[in-house]
Amino acid sequence: AAKAAGTGCWRMFSAEMSEQAMSRLRTEARLRAAELRGEFELFYQPKMDPRSLLLRGAEALLRWKTDEGYVAPGDFIPVAEETGLIGPIGDWVLGEACRQAAAWRRQHGDLPVAINVSPRQLADADFPNRVRVALAKSGLPAHLLTLEITETVAMTAATGDFAMLRVLRDIGVGMAIDDFGTGYSSLSHLRRIPLTVLKIDRGFMQTVPHDVAIPATILELGQRLGLEIVAEGVETEPQRDWLCDMGCQTIQGFLISRPLPAAEFEDRFLVERARAAG
Ligand code: C2E
Ligand code: MG
Ligand code: MG
Ligand code: MG
């Protein structure tokens, strides 16, 4: 900042921009204290087989509960990434998701859980170790944890070295490419990244079933690569019908449920599953 001021660059900031900068600083300061204050919470959204409606897993989504209510990830994850706070926050998410999944496993049986991982976390050479520690501490088997990384990050990792993704895959954790179709992928890289899951971005669901050219192509691409396909943002029955016809294994979206607090997810989906199984 001193350097910017020294070159006179500060002059270019409008009042509106500095207000934005102040608001970011406030968010940063509050974010720093949030973990200690116990303000983070994971919500869980079910993933289901579109045909049988059997539960296939859950995605853990971070929520920040402040005095003014919940702050959406879109409003604080970018700040956390820029400031490096995503490191400790991401560690908290990793530890908490493993703890919860292991506890549910003991009580209700296996439930695969996916967490979102940011580019900053993957830039840390120690990240695979952090995953190992979280698994060991919780006792969660590695195959019940999947890491969701966005397409652009996966591709960047692939152009540099994707050794870390391979190490993580070798530990046994699942690897999902998130929001697929919104970034830009090199198809040759897609082949080389050690993926297990491809998540079709919810933007592509909006035109289903009247315009299916792109989602159908992505589905087929993923199937040919031997990946599990998860369709995100499934909101309607006609979308579900189409995905059944296409042989999509997993759907996630408001049609089934919004992300729920852990206790509510447990009641609605895990207790229910155990009851149905007799
Ligand atoms: P994402 O990983 O692609 O997560 C899916 C987002 O779509 C979630 O938003 C979810 O609430 C929303 N969603 C699910 N079903 C539907 C639907 O049927 N219709 C619509 N319109 N939306 C649906 P959310 O929870 O606000 O999270 C937004 C993004 O924030 C996530 O996108 C992810 O990139 C990021 N994020 C969330 N939790 C974490 C975290 O723990 N760590 C990191 N690094 N990023 C996170
Ligand atoms: Mg995700
Ligand atoms: Mg997504
Ligand atoms: Mg997203």
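No value in this document is a laboratory result; all are computed from the given coordinates. Computed from a predicted model, the values in this text were never measured in an experiment. As a convention, Cβ positions derive from the backbone with ideal geometry for all residues, glycine included, and neighbour counts pool all protein chains shown.
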Inset, instruction - Rounding to the nearest 20 debye, state how big the charge dipole of the range 30-99 is about its Cα centre with +1 on each Lys and Arg Cβ and -1 on each Asp and Glu Cβ. - result: 300
Inset, instruction - Please work out the FRET efficiency for the pair His108 and Asp49, using the Cβ-Cβ distance as r and a Förster radius of 22 Å; give the result to the nearest 0.05. - result: 0.80
Legend entry - Structure-based [θ]222 nm, the chain - -39500 (n - 2.57) summed over DSSP H runs of at least 4, per residue, nearest 500: -13500 deg cm²/dmol
Inset, instruction - Take every Cα-Cα pair in the range 1-143 and report what % of them are more than 19 Å apart. - result: 61
Legend entry - Of the DSSP H helices in the chain, those whose Cα atoms cover at least 30 Å axially and whose Kyte score averages -1.0 or more: 86-108
Legend entry - Net charge dipole size for the range 151-205 [Lys, Arg +1 and Asp, Glu -1 on Cβ; Debye, nearest 20]: 160
Inset, instruction - Name the residue farthest towards the positive end of the dipole of the chain from the options Gln249, Val131, Gly57, assuming +1 on Cβ of Lys and Arg, -1 on Cβ of Asp and Glu, about the Cα centre. - result: Val131
Inset, instruction - Using a Gaussian network model of the chain whose springs link C-alpha atoms within less than 10 Å, name the residue from Leu243, Leu62, Leu36 with the highest mean-square fluctuation. - result: Leu36
Inset, instruction - Run down the aspartates and glutamates and flag those whose C-alpha is under 15 Å from the C-alpha of Lys137, throwing out any fewer than 8 positions away in its chain. - result: Asp91, Glu96
Legend entry - Pair Arg166, Ala15: separation of 7 Å Cα→Cβ label points (nm): 5.7
Inset, instruction - Based solely on C-alpha atoms, express the radius of gyration and the Dmax of the chain in angstrom. - result: 20.0, 72
Legend entry - Check: the chain dipole with +1 on Lys, Arg Cβ and -1 on Asp, Glu Cβ, in debye: 720
Inset, instruction - When you have a sec, figure out the Kirkwood radius of the range 116-245 from all distinct Cα pair distances and drop it here in Å to one decimal? - result: 15.5
Legend entry - Gain upon complete extension [Arg99, Ala274; 0.36 nm per residue less C-alpha separation]: 61.0 nm
